[in-house]
Amino acid sequence: MTSPKDDFDLILKNGRVFSPSGLLEADIGVRGGKIAGMGSIAGSSRQTMDCRGLTVLPGMIDSQVHFREPGPVHKENLESGSRAAALGGITTFFEMPNTNPLTIDEPAFNDKLARAKGRAWTDHAFYLGGSAANAERLGELENMPGCCGIKIFMGASTGDLLSADDDTIREILRHGKRVVAVHAEDNDRLDERKHLIDGGVDVSIHPEWRDVEVCRRATERVLRLARETGRRIHVLHITTGEEMALLAEHKDIASVEVTPQHLTLAAPDCYAEIGTRAQMNPPIRDDGQRTALWKALAAGVVDIIGSDHAPHTLDEKAQPYPESPSGMPGVQTLVPIMLNHVAEGRLTLERLVDLCVSGPARIFRMAAKGRIALGYDADFTLVDLNRTETITDTWSASKSGWTPYDGMQVTGWPVGTIIRGHVVMRDGELLGDPIGAPVRFQETIAAWD
Ligand code: DOR
């Protein structure tokens with residue numbers, strides 16, 4: 001807190017600041033966790049950080065992670081997952097409900113919030129799982145403080161949360177107003193094609209089993225149901241140009257996420273090189289589909305980049321396919337991988353901030369986050385756009401202890417994570433104690449104040 005003799009708690013000096021009107025050389029003053037000054041700042045401060053040569057981005061948000069707690073915490077927990085987030089320059093995460101028990105009622109939801117208190121290194125919110133069991137109560141449950149929205153799985157993946165049929169999905173969409181995030185894979189088609197993965201097959205079959213039509217069909221179905229019920233949806237981790245063509249026609253009702261791994265890796269090489277580590281749902285597809293995702297990103301069809309951080313241990317991944325579980329870690333590598341794409345000219349820094357900050361803030365209707373402007377939370381991701389580093393398994397702070405990018409050299413690196421004025425990470429070191437707090441949303445502000 002500000003001592004009476006200081007004007008600010010923290011001043012970031014001489015950075016290149018990503019302001020709402022563009023990049024500018026400026027200082028930023030922080031008081032009481034909020035941005036309190038911007039420009040040439042002369043006042044006194046308890047702490048000053050020299051940001052010369054660095055770019056100050058608004059805090060990067062990862063709106064899709066699986067941190068496994070409660071449940072299989074040998075893979076990850078809220079402390080380790082958020083530690084990885086902070087080390088990777090992420091200031092806020094939204095965590096998924098396929099934990100054990102599933103996050104589908106108040107006790108399970110409040111238990112997660114309680115577990116995060118004093119252990120989460122970054123700000124956070126949790127999804128509530130939508131299912132036949134709780135559909136009728138979602139209108140009330142979705143407004144629990146700390147809830148970012150509803151999540152539904154149309155196709156079976158990790159955990160037991162499945163809402164495969166139209167009637168269940170329709171019931172979920174009919175109740176409530178908040179964002180419904182959708183994992184769109186058609187479960188019937190997955191079941192029909194399961195014979196493809198019988199007995200001793202290689203993991204490279206994964207995108208063949210979970211083929212383009214598995215995804216296209218589910219996305220088409222959920223778009224139809226969203227239209228029918230008038231409910232806005234957010235379709236996660238899109239992997240095909242076929243879905244992008246559909247989604248481009250429904251921008252008024254459906255927002256779109258892609259992941260860094262679907263933009264970076266491609267079949268068949270990824271399966272040949274890293275085997276089951278590349279296995280996730282929906283799958284990494286071929287270079288043609290990867291190009292289609294980049295085209296959709298450039299065309300404005302994509303709204304958000306989220307990591308779908310889904311850690312499993314290397315022992316679990318070493319089981320023969322298809323016993324090997326689907327999912328890969330990604331919360332710590334989202335910023336470096338995407339900055340490298342900026343360095344290589346695939347997207348602009350402005351578009352990256354749009355996808356990782358403004359997109360989540362707008363779509364989930366976050367309060368006081370998403371902009372470097374007076375009165376907003378003082379959340380910043382400090383990056384060195386010129387720094388070249390090699391991503392390694394040993395750098396990974398996730399309990400799973402690996403990354404699909406081990407050995408990859410990237411240009412652009414997160415060097416500071418500041419959350420509501422607390423310097424949580426500087427030069428790869430975590431500082432202080434975990435101060436992460438639940439995010440506030442426009443709809444639920446009153447519940448907090
Ligand atoms: O590959 C995946 N892993 N996809 C999902 O939808 C779930 C995730 C997990 O939780 O492991």
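Quick look at the numbers
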quantity	calculated
Unique match (being of a type in the set (D, E, K, R), in a helix (DSSP H, G or I), at pLDDT 95 or above and out of contact with any Asp or Glu (no Cβ under 9 Å at 6 or more places or on another chain)) among E185, E220, E228	E228
D191 vs. criteria without any contact (Cβ under 8 Å) to a residue 40 or more places away in the chain, under 23 Å from A310 (Cα atoms) and over 20 Å from the mean Cα position of the chain (by Cα)	yes
Elements of type helices (runs of 4 or more DSSP H) in region 234-277, at least 3 residues being touching a residue at least 24 places away in the same chain (Cβ under 8 Å) and within 16 Å of the ligand (Cβ to nearest atom)	260-264, 269-274
When residues of region 81-137 are limited to those that are within 16 Å of the ligand (Cβ to nearest atom) and among the polar types (S, T, N, Q), the one farthest from I435 (Cα to Cα)	S131
Within region 107-145, tally of residues that are touching a Phe, Trp or Tyr at 6+ places or on another chain (Cβ under 7 Å) and part of a strand (DSSP E or B)	5
Residues satisfying the stated conditions in region 154-188, i.e. among the polar types (S, T, N, Q) and away from the ligand (no atom under 11 Å from the Cβ)	S163, T168, N187
Strands (runs of 3 or more DSSP E) wholly inside region 13-99 containing at least 1 residues that are surrounded by fewer than 17 Cβ atoms within 10 Å (Cβ to Cβ) and aliphatic (A, V, I, L, M)	22-31
Flag if E350 is surrounded by fewer than 15 Cβ atoms within 10 Å (Cβ to Cβ) and either part of a helix (DSSP H, G or I) or not β-branched (V, I, T) (or both)	yes
Residue pairs meeting the criteria (Cβ under 8 Å; at least 6 apart or on separate chains; first of a type in the set (D, E), in region 118-140; second assigned to a strand (DSSP E or B) and surrounded by fewer than 24 Cβ atoms within 10 Å (Cβ to Cβ))	D123/P438
Residue in region 321-343 that is over 13 Å from the mean Cα position of the chain (by Cα), surrounded by fewer than 19 Cβ atoms within 10 Å (Cβ to Cβ), of a type in the set (D, E) and more than 15 Å from G275 (Cα to Cα) present	no
Of all residues making up region 194-215, the number that are touching a Leu at 6+ places or on another chain (Cβ under 7 Å), among the charged types (D, E, K, R) and in a helix (DSSP H, G or I)	1
Close pairs (9 angstrom Cβ cut-off, 6 or more residues apart or separate chains): part of a helix (DSSP H, G or I) in region 282-303, surrounded by fewer than 16 Cβ atoms within 10 Å (Cβ to Cβ) anywhere	D287/D269; A292/A245; A296/A245; A296/A248; A299/A248
Where Q47 falls short, out of the listed (1) among the polar types (S, T, N, Q); (2) within 16 Å of the ligand (Cβ to nearest atom); (3) in contact with a Leu (Cβ under 6 Å, 6 or more places away or on another chain)	(2)
Residues (within 20 Å of V424 (Cβ to Cβ) and either away from the ligand (no atom under 16 Å from the Cβ) or not in a loop (DSSP other than H, G, I, E, B) (or both)) located in region 325-337	Q332, L334, V335, P336
Those residues of region 413-430 which are surrounded by fewer than 14 Cβ atoms within 10 Å (Cβ to Cβ) and in a loop (DSSP other than H, G, I, E, B), in sequence order	D427, G428
Answer residue from region 152-183, given it is without any contact (Cβ under 8 Å) to a residue 60 or more places away in the chain and within 18 Å of H66 (Cα to Cα) and is surrounded by the most Cβ atoms within 10 Å (Cβ to Cβ) among those	V182
Condition broken by G149, with the remaining ones in (1) within 12 Å of the ligand (Cβ to nearest atom); (2) modelled with pLDDT of 95 or more satisfied	(1)
Members of region 354-412 found to be in a strand (DSSP E or B), of a type in the set (K, R) and in contact (Cβ under 8 Å) with a residue 40 or more places away in the chain, listed by number	none
Residues of region 275-289 that turn out to be surrounded by fewer than 21 Cβ atoms within 10 Å (Cβ to Cβ) and at negative phi, as a count	3
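This table checks each residue for (1) in contact with an Asp or Glu (Cβ under 6 Å, 6 or more places away or on another chain); (2) away from the ligand (no atom under 16 Å from the Cβ); (3) not basic (K, R).
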{"site": "A310", "(1), (2), (3)": "no, no, yes"}
{"site": "L314", "(1), (2), (3)": "no, no, yes"}
{"site": "N340", "(1), (2), (3)": "no, yes, yes"}
{"site": "E344", "(1), (2), (3)": "no, yes, yes"}
{"site": "L355", "(1), (2), (3)": "no, yes, yes"}
{"site": "K369", "(1), (2), (3)": "yes, yes, no"}
{"site": "L382", "(1), (2), (3)": "no, yes, yes"}
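The values are calculated or read from the model by the stated rules, or taken from the named source; none is laboratory data. These numbers come from a predicted model, not from an experiment. Positions of Cβ are backbone-derived with ideal geometry, glycine not excepted, and every protein chain shown enters the neighbour counts.
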